[in-house]
Amino acid sequence: MCGIVGYVGNQDATPVIMGGLRLLEYRGYDSAGICTMDDGDVDIRRSAGKLVNLERLLKEHPLHGTIGIGHTRWATHGKPTVANAHPHKGGSVVVVHNGIIENYLLLKEDLANKGHDFTSETDSEVISHLIDEKLKTAESLESAVQQALRDLQGAYALCILSHKDDKTLIAAKSGSPMVIGIRGNEYFVASDMPAIIANTRKMVIMEDGEIAVFRNGGVKFTTTCGDEITKESRYIDWSPMKAEKNGYPNFMLKEIYEQPLAIRNVFAGRLREDEGDAFLEGLNLNDMQLNSFERLCIVACGTSWHAALVGKYLIEEHCRIPVDVDIASEFRYRDPLVSNKTLVIVISQSGETADTLAALREAKSKKAHIISICNVVDSSIPRESDGVIFTHAGLEIGVASTKAFTTQLVALYLLTIRLGRANGIIGLKKGQEMISALYELPALVEKTLKLDDQIEEIACEHLTSWDAIYLGRGISYAIALEGALKLKEISYIHADGYPSGEMKHGPIALIDREMPVFVLAPNDRHLVKVRSNMEEVITRGGNVVVLCSEGDLETGKRAKYTLLIPWAGEALSPVLFTVALQLLAYNIAILKGKDVDQPRNLAKSVTVE
Ligand code: AGP
């Protein structure tokens, strides 16, 4: 997630902005930049890599002025280079942007036809040119910004400057976070409170569709339609550390609750409703090339391997393409049977997992075509892939994967649509239905998150458990594995995920009154079978907690606890069941006093064998 800082007041803007960007470093970034306005001139400094590089550049080429904007970039569109670093300048307008503009390619084409030259691959640069274009006819910078924002589709948190109005700083928000700090007639803008809290605790939280215009020591708030609005300031008494977690007690819970936004960011700009198709800019494969592969092989580790299993179910079900799934540490030493007719998909949040990278290289040595699904743009795995689908989850600090996993599932869902449309197994209508279901998903995740109190009650009843079993059929088997891993890695309770049909082949010997059996029973084609598997456990005195779908009043009748999960269809409900199981593991771990962000023995990225 990018970091934004803006300042207007009576101090030199550069140290204020650089100090704010340093306080946002925890958000993760791969390039940075700053722009100040001094006596009508705008001047920009940008660098790839860490802030220290930008600081070095500023020492050699200092900036002046009491109004400025700064940015740390988490690359989504385009590599982390200086050319792609913010601020971006389009004509007379300079912007820094956090978010994803879905219709940027169409806007870019239109602006290029009007003579605008682009120097980056980013969606953000388009915003500066769009405002510049509007400024040709608008009565003011403020009006040009309002007009431009009405043309944008997608998420943005923006700071805007123009030498044509050198006393004005404009900030605008829709879909990405933004706060404003007020100290007398000084104003601080940031994507997150930590960048401001050191200067002032008097803050205004911006809402979607709102614009702030800072001029002559004052501020005016408007909508994108130009209507003036009143905003209340509030006193924020959070510590800087708490502010870094946006008020959450730890990063894991913050990232669990970020999932609606993260999921939106995965499909933002990638859905073509009219064509019932997905647009995956980094795939680099046309329909004919996609259809030339005889089979797919998905390779990953840990939670990403669970995502791979979900991918198998989705792609075989909807595209009728054979999919093998392999654990990377096994695949790399198996002399795998892949060739130039195999599409190997490598899934990795960090893009640096040693076994997964080695598996990629092994597959590549056998001429397989490599596509990676990854969250970290400038990492080894996407760099060595032939194509990549970035998950845009933003930095995930908690060691236990949460939003990284659910965004991997959505990326695989998008790939399923693309593959199925390419080989024609998914027709226009089906593709459009799948896209509609995806649009509904973020709100259903919000709804699932509201089960937290009920989940906490269930967690309280299972603190003393030493073992747990998670059961699921079909696509839910992968989620059972993920739920078990979450519990293991943050609460240290031993847990296993099993296909629910497997119980009678051994694990049922484990059943007793103590051990919780978490049964995933969504309202899909397996429900009747799962109910009978659950009955096998109950009749042996087992302690069943069943997660079933909203409206299902039958399945939970004999369970000890029932959790009703919203229904998102067979293909997307795994995301919602995952969120519930994340909260279950989280609550148990917290109640047991565990460090959920840094569990013992674990690393966020396993870069060694
Ligand atoms: C899961 O919560 C863990 N963080 C771990 O299993 C992780 O998924 C695995 O190490 C793979 O990491 P990657 O996705 O970065 O390759």
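The values are calculated or read from the model by the stated rules, or taken from the named source; none is laboratory data. Everything numeric in this text was worked out from a predicted model, so none of it was measured. FYI the Cβ positions are ideal-geometry reconstructions off the backbone, even for glycines, and counts take in every protein chain you see.
Which of the strands (runs of 3 or more DSSP E) found entirely inside region 490-593 contain at least 1 residues meeting this: hydroxyl-bearing (Ser, Thr, Tyr)?
Details: elements: 494-499, 516-521, 543-549, 561-565.
Here the list reads 494-499, 543-549, 561-565.
If you scan region 21-54, which residues turn out to be out of contact with any His (no Cβ under 7 Å at 6 or more places or on another chain) and among the charged types (D, E, K, R)?
Step one: of region 21-54, the residues out of contact with any His (no Cβ under 7 Å at 6 or more places or on another chain) are 21-31, 34-35, 39, 43-44, 46-54.
Across region 21-54, the qualifying residues are Arg22, Glu25, Arg27, Asp30, Asp39, Asp43, Arg46, Lys50.
Here is a list: Ser162, Ser120. Which entry is buried (at least 24 other Cβ atoms within 10 Å of the Cβ) and in contact (Cβ under 8 Å) with a residue 40 or more places away in the chain? Going through Ser162, Ser120 in turn, just one is buried (at least 24 other Cβ atoms within 10 Å of the Cβ) and in contact (Cβ under 8 Å) with a residue 40 or more places away in the chain: Ser162.
Look at Val377 and say whether it is part of a loop (DSSP other than H, G, I, E, B) and aliphatic (A, V, I, L, M).
Details: part of a loop (DSSP other than H, G, I, E, B): yes; aliphatic (A, V, I, L, M): yes.
Taking the combined requirement at face value, the residue satisfies it.
Against the list (1) closer than 30 Å to Lys604 by Cα; (2) surrounded by fewer than 24 Cβ atoms within 10 Å (Cβ to Cβ); (3) aliphatic (A, V, I, L, M); (4) at pLDDT below 95, the condition Met1 fails is (2).
Kindly evaluate Leu280 against the criterion of being surrounded by fewer than 22 Cβ atoms within 10 Å (Cβ to Cβ), closer than 24 Å to Gly424 by Cα and either away from the ligand (no atom under 13 Å from the Cβ) or not aromatic (Phe, Trp, Tyr) (or both). Steps first, please.
Numbers: surrounded by fewer than 22 Cβ atoms within 10 Å (Cβ to Cβ): yes; closer than 24 Å to Gly424 by Cα: yes; either away from the ligand (no atom under 13 Å from the Cβ) or not aromatic (Phe, Trp, Tyr) (or both): yes.
For Leu280, the condition - surrounded by fewer than 22 Cβ atoms within 10 Å (Cβ to Cβ), closer than 24 Å to Gly424 by Cα and either away from the ligand (no atom under 13 Å from the Cβ) or not aromatic (Phe, Trp, Tyr) (or both) - is met.
For residues in region 428-464 being more than 17 Å from Val546 (Cα to Cα) and at pLDDT below 95, which is farthest from the chain's Cα centre (by Cα)? The qualifying residue farthest from the chain's Cα centre (by Cα) is Thr464.
Tell me the residue from Ile371, Ile397, Ile347 that is touching an Asp or Glu at 6+ places or on another chain (Cβ under 8 Å), more than 21 Å from Asn286 (Cβ to Cβ), hydrophobic (A, V, I, L, M, F, W, C) and within 16 Å of the ligand (Cβ to nearest atom), please.
Details: Ile371 fails: more than 21 Å from Asn286 (Cβ to Cβ); Ile347 fails: touching an Asp or Glu at 6+ places or on another chain (Cβ under 8 Å).
When all the criteria are applied, what remains is Ile397.
Those residues that are surrounded by fewer than 22 Cβ atoms within 10 Å (Cβ to Cβ) and closer than 16 Å to Val606 by Cβ, I need them from region 306-327; list them, please. The one that is surrounded by fewer than 22 Cβ atoms within 10 Å (Cβ to Cβ) and closer than 16 Å to Val606 by Cβ: Ile327. When region 574-609 is filtered for residues that are closer than 25 Å to Ser380 by Cα and away from the ligand (no atom under 14 Å from the Cβ), nothing remains.
For region 328-357, the set of residues classified as buried (at least 18 other Cβ atoms within 10 Å of the Cβ), under 24 Å from Glu316 (Cβ atoms) and among the aliphatic types (A, V, I, L, M) consists of Ala328, Val338, Leu343, Val344, Ile345, Val346, Ile347, listed by residue number. Scan region 539-554 residue by residue and report those that are crowded, with 20+ Cβ neighbours inside 10 Å and more than 19 Å from Thr578 (Cα to Cα). The answer is Gly542, Asn543. For region 292-305, residues that are out of contact with any Gly (no Cβ under 9 Å at 6 or more places or on another chain) and over 27 Å from Lys604 (Cβ atoms) total 4.
Tally up the residues in region 220-246 that are among the hydrophobic types (A, V, I, L, M, F, W, C) and crowded, with 18+ Cβ neighbours inside 10 Å, please. Quick ask: steps written out before the conclusion?
Step one: list which residues in region 220-246 are among the hydrophobic types (A, V, I, L, M, F, W, C), which gives 221, 225, 229, 236, 238, 241, 243.
Remaining after also requiring crowded, with 18+ Cβ neighbours inside 10 Å: 221, 236, 243.
Total satisfying the criteria: 3.
Summed over region 423-441, residues that are crowded, with 20+ Cβ neighbours inside 10 Å and outside any loop (DSSP other than H, G, I, E, B) total 5.
Against the test of being closer than 30 Å to Lys488 by Cα and either part of a helix (DSSP H, G or I) or of a type outside the set (A, V, I, L, M) (or both), the options Thr416, Thr407 yield a single qualifying residue, Thr407. Residue-level analysis places Ile508 outside the set of residues that are more than 25 Å from Ser350 (Cβ to Cβ) and modelled with pLDDT of 95 or more.
Please verify whether Thr72 is over 27 Å from Met241 (Cβ atoms), surrounded by 21 or more Cβ atoms within 10 Å (Cβ to Cβ), among the hydroxyl-bearing types (Ser, Thr, Tyr) and touching a helix residue (DSSP H, G or I) at 6+ places or on another chain (Cβ under 7 Å), treating the condition exactly as stated. Judged against the criteria, Thr72 is not a match.
Test of understanding: among Ser120, Ser124, Ser128, which residue is of a type outside the set (Lys, Arg) and at pLDDT 95 or above? Walk me through it before giving the result.
Numbers: Ser120 fails: at pLDDT 95 or above; Ser124 fails: at pLDDT 95 or above.
Unique residue meeting the criteria: Ser128.
Has region 106-114 got any residue that is modelled with pLDDT under 95, surrounded by fewer than 22 Cβ atoms within 10 Å (Cβ to Cβ) and of a type outside the set (Phe, Trp, Tyr)? Checked region 106-114: at least one residue is modelled with pLDDT under 95, surrounded by fewer than 22 Cβ atoms within 10 Å (Cβ to Cβ) and of a type outside the set (Phe, Trp, Tyr).
Among the residues of region 243-271, which ones are outside any helix (DSSP H, G or I) and among the small types (Gly, Ala, Ser)? Spell out how you get there, then give the answer.
Start the filter on region 243-271 by keeping residues that are outside any helix (DSSP H, G or I), which leaves 245-250, 258, 268-271.
Selection gives Gly247, Ala268, Gly269.
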